[in-house]
Amino acid sequence: MTEGADDPGRLDVRAAAIIRAGLDRVLVSDTFRAAPQLSAFLSFIVERTVEGRAAELKGYTIAVEGLGRPADFNPQIDPIVRVEAGRLRRSLAQYYAGDGRDDPVQISMPVGGYVPVFTWFGGEGSRVAADGFEDAPEPDRRTARRWAGLTLAALAFGLLALGWWYLAPPRGSVVSEASKSAAVGQAVDVLPEAAAAPRLVRVAITIPNPPSDPRLADILRRFSALLVDAMARFDDLVTIKTPSPGSALSDEIDYVFEMDAQGVNGGAEGLGRLRFVRDGRIVWTTSSNRLSLAVLQESDLAEMARRLATRLTEPFGIILADARQFPPSPAIRCILKAFDARRAMLPEMHQAARLCLAQLVEQDPGFYPAWAHLAIMTLGERGLAPASPGTDPQDDTGDARSPLDRSLAAALTAIRLAPSGARAYQAMMKVLLLRGATEEAIQMGREAQTRNPYDPEILADMGALYVRLDRSPEGLPLLERATALSVARPPRYDFYAFLGAYLIGAGKASESHAGMLVADTSQLSLLGQALKAAADNDPEKQAKALAQLAEKSPLFAQSPRAFLERRAFSRSVIDRILTALGLNKP
């Protein structure tokens, strides 16, 4: 192999040990434990360099061998390596400015390439290049072994996420035309309580008393890593922390999920407890039994971790349900208002949530979750506008742009700030669908699913998209998964599942979801009740549901077709709905 100009060749044993110990310290820091993709990127380039293979560190090699991309990866189309390299440089700088300031060796990656540089800080504080490690002190063997064990755990943790990690920029002229505008005009005063920097719910995952059985302890550690990875994907709602074993919890932590496992007759019993740190209140407990550890597969652990993560962290899950009663921060209060406004579909709740989010982005323009939710909430204005043309509402601050343009600007900003954020791509999916860019919307929906395949909100929105496009066979499986994952789900999940089943004549499925709509009076639930009554040949119930819907939605009272068009239903689906309800006027 021909070595590159910046390839120092294989390092000697002592230099390699010092560098790997330095890598281990980086990987177990808070910054990198919460970013598995960065951990995998850094581990790959460091190991290749230590092995004398730095010349191989090109974009394609890193993407395919380090980040798990397919062999047909094209770095000219997919910028994943360049984007992650920028994030890695910033994260390394942040680490060495804080926790790693006293590390004996520092790792950097100069701009313009992917080969890392190792700088040794000698006893006098002087820097020595990597090829001068001959005089460096030999690290303590026990320390090296301890860090090596943590390296394997952190690297394995990082690789778990890579199968789902994919980044592609928005495509199509719709996005490029509007990309010049990256901010939403705001002139709303910031509430006094929101003066502090916005923050999400902070959750620590701990194992207070590791099992004495090494095998059981290893299983619990692996499960913990899988759980952290799944929960961290809800990055618009929670920040996940993994304190070192035995360390005290930081005052910044809001909730702690404590895990334990006990051996029982060749099997195991797992225990979990969610606690609110501020007052010690026990929020929720759970347990799980396995009769035999001999047949326990990694896929079993992954499935259990996924289900637990969703139950804890999804927008209507256990942590956020408690946070609605005791909001840890003004920022999370705004975000939860947005979810609840979408659930209830009430104009006053919609306006309050949107103004709260507008305050957040004015206060901190770099807070990606607020931009993503603001994009989604701004789309709701279009459904509130009159049916006559040219009457899209202005923003409360006098912004003359249409809701679609303002939503697109906010969604673009969210993606720019957090190219790995699932909620940003969900927002872009919804924006592009309403702008008529159907294929681009589907692509963005898939990107959102790739980044967080565990979020029922994303699954339900993607399923609803297919149903509205008269592609129910594609949407129903997603909606069924969303309803199965979210016990306290919004009624719209069931509405779209009912409608999809109704459109393809799946009577049993439509009956099941229709039953979930009976007690709800939100707009889509009333529409579902009317369709069910029409199918049951019950004109009295149908008329009652339509009258209630017309009262709640002036747009529906004025023009049922416009009501559906504003929600991006395809013409074929609109015609079927209106015909079934006797409202299909020429």
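Every number in this text was worked out from the coordinates using simple rules, so none of it is lab data. Quick caveat: nothing in here was measured; it's all calculated off a predicted structure. Neighbour counts are summed over all protein chains in view; Cβ atoms, including those assigned to glycine, are modelled from backbone coordinates with ideal geometry.
Taking 4 °C and 1.567 mPa s as the conditions, I'd like the Stokes-Einstein D for region 407-531 in µm²/s, using the Kirkwood hydrodynamic radius from alpha carbon pairs. The partial results should precede the final answer.
Numbers: Rh = 14.7 Å.
The diffusion coefficient I find is 88 µm²/s.
Label sites at GLU348 and SER108, each approximated as a point 7 angstrom past Cα along Cα to Cβ, lie 5.8 nm apart.
Based on the Cβ-Cβ distance from ASN74 to ALA217, what FRET efficiency comes out when R0 is 56 Å, to the nearest 0.05? Display every interim value, and only then the final one.
Values: r = 43 Å, r/R0 = 0.77.
After rounding, the FRET efficiency stands at 0.80.
Residue separation of SER247 and ALA550 scaled by 0.36 nm, minus their Cα-Cα distance, works out to 103.3 nm of gained length. For region 543-586, the Kirkwood estimate of hydrodynamic radius, built from reciprocal distances between every pair of different alpha carbons, is 10.5 Å. Under 24 Å from the Cα of LYS585, which lysines turn up, not counting those fewer than eight places away in the same chain? Output for LYS585: LYS532, LYS541, LYS544, LYS552. Note on GLU51/ARG273: beta-carbon distance plugged into 1/(1 + (r/R0)^6) with R0 of 41 Å gives a FRET efficiency of 0.40.
On full extension, the segment bounded by ARG89 and VAL264 gains 58.3 nm, given 0.36 nm per residue less the C-alpha separation.
State the extension gain, in nm to one decimal, for the chain segment bounded by ASN537 and ARG307, taking 0.36 nm per residue of separation less the distance between their alpha-carbons.
Additional length available on full extension: 78.8 nm.
For region 393-477, rounded, prolate or oblate, judged on the Cα gyration tensor with a ≥ b ≥ c (square roots of eigenvalues), a/c < 1.5 rounded, else prolate if a/b > b/c? It is oblate, given that a/c is not under 1.5 and a/b is not larger than b/c.
First obtain the Kirkwood hydrodynamic radius of region 208-359 from its Cα pairs, then insert it into the Stokes-Einstein equation at 25 °C and 0.890 mPa s, and state the resulting D in µm² per second as a whole number.
Values: Rh = 17.2 Å.
D, rounded to a whole number, is 143 µm²/s.
Between GLU439 and SER288, the simple spin-label model (points 7 angstrom out along Cα→Cβ) gives 4.1 nm. Summary of the geometry: region 455-498 and region 306-382, compared by the centres of their Cα atoms, lie 20 Å apart. Derived value for region 1-120: Kirkwood hydrodynamic radius 14.6 Å. Basis is the mean of 1/r over every pair of different alpha-carbon atoms.
Within the straight-line cut-off of under 26 Å between alpha carbons, the lysines reachable from LYS241 are LYS337, sequence neighbours fewer than 8 places apart in one chain being disregarded. Taking every alpha-carbon pair within region 493-586, the share separated by more than 21 Å comes to 22 percent.
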